[in-house]
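The block underneath contains the structure these notes are about, expressed in structure tokens.
Computed from the coordinates by the stated procedures, all read-outs in this text should not be read as laboratory data. Please read these numbers as outputs of a predicted model, since none were measured by experiment. As a convention, Cβ positions derive from the backbone with ideal geometry for all residues, glycine included, and neighbour counts pool all protein chains shown.
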Amino acid sequence: MIFLCRYGKIISLKRGAAEHEYRAPRRWLRDLCTKRTQKGIAAEAQQDLGAALGVRENTRSPVTATVKRFFGRSYEEGEEGGHAFFFYKTHLLTKEFIMQKQYKVGVIGATGMVGQRFVTLLDGHPLFRPVALAASARSAGKSYEEAVGSRWAMSVPMPSYAKDMILLDAESDAEKLASLVDFVFCAVNMKKEEIKALEEKYAKLEVPVVSNNSAHRATPDVPMIIPEINDDHLSVIAAQRRRLGTKRGFIAVKSNCSLQSYVPLLHPLMKFGIKCAAVTTYQAISGAGKTFETMPEIVDNIIPYIGGEEQKSEEEPLKIWGSVKGDKIVNAKGPVITSQCLRVPVSDGHTAAVFVSFERKPSKEEILSAWKEFSGAPQALSLPSAPKQFIHYFEEDNRPQAKLDRMTENGMAACAGRLREDVLFDYKFIGLSHNTLRGAAGGAVLLAELLAAKGYFD
């Protein structure tokens with residue numbers, strides 16, 4: 001069986017007839033490619049195989065010739081936008097590189113906090129090329145930089161590609177946007193029924209929708225995915241397409257951000273028969289789309305209520321742990337989860353205090369082993385946003401901490417600590433995840449990578 005295990009993108013940083021510099025655009029690729037600068041417009045990327053690929057910009061033939069030189073064949077798929085993409089496949093001792101196209105993507109709700117995170121994550125992404133940004137009617141027609149203005153909430157500068165992009169109206173320009181893209185990310189701030197109508201509108205325009213919104217999470221034929229846990233639920237898309245009358249269009253959603261702090265930690269323990277769990281989440285203000293400047297009431301305070309959050313925290317895991325039966329996903333009957341959700345004065349990172357009881361109480365060593373060994377489809381496919389080690393356990397008594405640990409594995413890991421026996425439940429522990437990366441935009445990007453790998457965008 002041939003499987004994808006390595007891939008990379010080489011991008012040009014310097015332009016000019018005399019000299020070009022190519023380097024890996026993201027940290028996850030830097031162990032695969034060595035930055036070099038050469039005279040002319042050619043540069044070499046040394047792969048971990050010891051094979052070198054000479055990549056030339058703005059013409060297909062030199063790229064094809066280089067690939068043919070090393071592997072004895074040429075490939076029909078050329079580069080997009082002057083960039084070449086090489087994927088490494090292995091089957092026993094058989095190795096080959098192939099060209100892979102980029103998918104054109106739009107972001108609906110691009111000016112909000114989650115939308116801003118999408119804009120940053122798509123900058124230099126190896127599979128997805130952002131070509132359209134959309135927002136409300138009041139922002140339509142403005143440049144992205146003008147529309148966002150002082151509301152830019154990311155810790156990194158606004159990507160240069162986005163600044164001058166003219167915003168489309170998410171509703172009235174839907175057909176225009178649909179004609180430009182292969183799929184869209186959706187992160188809008190609207191009423192539930194309005195969101196459902198908007199997402200179905202795009203799906204019926206034959207545009208796959210990868211949604212960060214909650215509106216469709218309870219829809220039986222809409223998969224709600226944590227990619228490492230329930231990628232098999234994607235099979236329900238066929239039934240959804242029949243309902244919508246589409247060939248390409250569909251809606252797939254990610255789960256609530258708070259779930260990422262405890263469901264990935266509970267899931268590997270399901271084999272021990274989880275009877276029940278009690279969870280208290282301590283949720284960052286970015287989960288409400290706020291900063292300390294826009295939410296002054298949180299300073300020196302804890303707010304013991306987040307509208308609708310406890311219901312989501314108790315019900316959504318049952319859909320994730322459910323199964324596809326016929327044309328819908330049937331929720332699991334258990335385990336029972338009770339929750340309380342608090343807003344705390346933290347910029348990013350949701351923390352969870354988890355108490356759990358089992359049918360068969362495992363040892364502490366068995367739990368730690370289950371966490372360490374757990375992986376899923378993103379790791380098997382080596383998806384670009386996937387953490388290499390999904391669950392990280394901290395031995396220190398005062399870890400994990402939001403400030404110190406939320407960026408573990410580029411913010412895509414689930415962190416755990418303080419595992420110990422309990423006097424009422426069998427065990428208790430602390431979980432942590434980055435709510436706008438793994439919990440929101442990053443999780444949606446990982447879901448889109450999974451959909452692309454499984455051919456749902458083709």
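Side notes on the structure shown:
- Tallying residues that are farther than 15 Å from residue 195 by Cβ and crowded, with 23+ Cβ neighbours inside 10 Å within the range 205-220 yields 2.
- In summary, residue 149 fulfils each of the numbered conditions (1) loosely packed, with under 15 Cβ neighbours inside 10 Å; (2) within 15 Å of the chain's Cα centre (by Cα); (3) not aliphatic (A, V, I, L, M) with the single exception of condition (2).
- Complete set of residues in the range 282-314 that are free of Cβ contacts under 8 Å to residues at least 40 places away in the same chain and assigned to a helix (DSSP H, G or I): 296, 297, 310, 311, 314
- Residue in the range 420-427 that is of a type outside the set (Phe, Trp, Tyr) and touching a Leu at 6+ places or on another chain (Cβ under 9 Å) present: no
- Search result, residues across the range 221-243 that are among the hydrophobic types (A, V, I, L, M, F, W, C) and either crowded, with 17+ Cβ neighbours inside 10 Å or under 18 Å from residue 321 (Cβ atoms) (or both): 222, 224, 225, 226, 229, 234, 236, 237, 239
- If you check 139, 155 for being outside any helix (DSSP H, G or I) and surrounded by 20 or more Cβ atoms within 10 Å (Cβ to Cβ), only one passes: 139.
- Extreme residue, surrounded by the most Cβ atoms within 10 Å (Cβ to Cβ), among residues of the range 165-186 that are β-branched (Val, Ile, Thr) and under 25 Å from residue 446 (Cα atoms): 184
- Qualifying residue in the range 288-299 (condition: under 19 Å from residue 430 (Cα atoms), in contact with a helix residue (DSSP H, G or I) (Cβ under 8 Å, 6 or more places away or on another chain) and surrounded by 15 or more Cβ atoms within 10 Å (Cβ to Cβ)): no
- Pairs where the first residue, in the range 403-416, is within 12 Å of residue 349 (Cβ to Cβ) and the second is surrounded by fewer than 24 Cβ atoms within 10 Å (Cβ to Cβ) and hydroxyl-bearing (Ser, Thr, Tyr), C-beta under 7 Å, 6+ apart: 415/408
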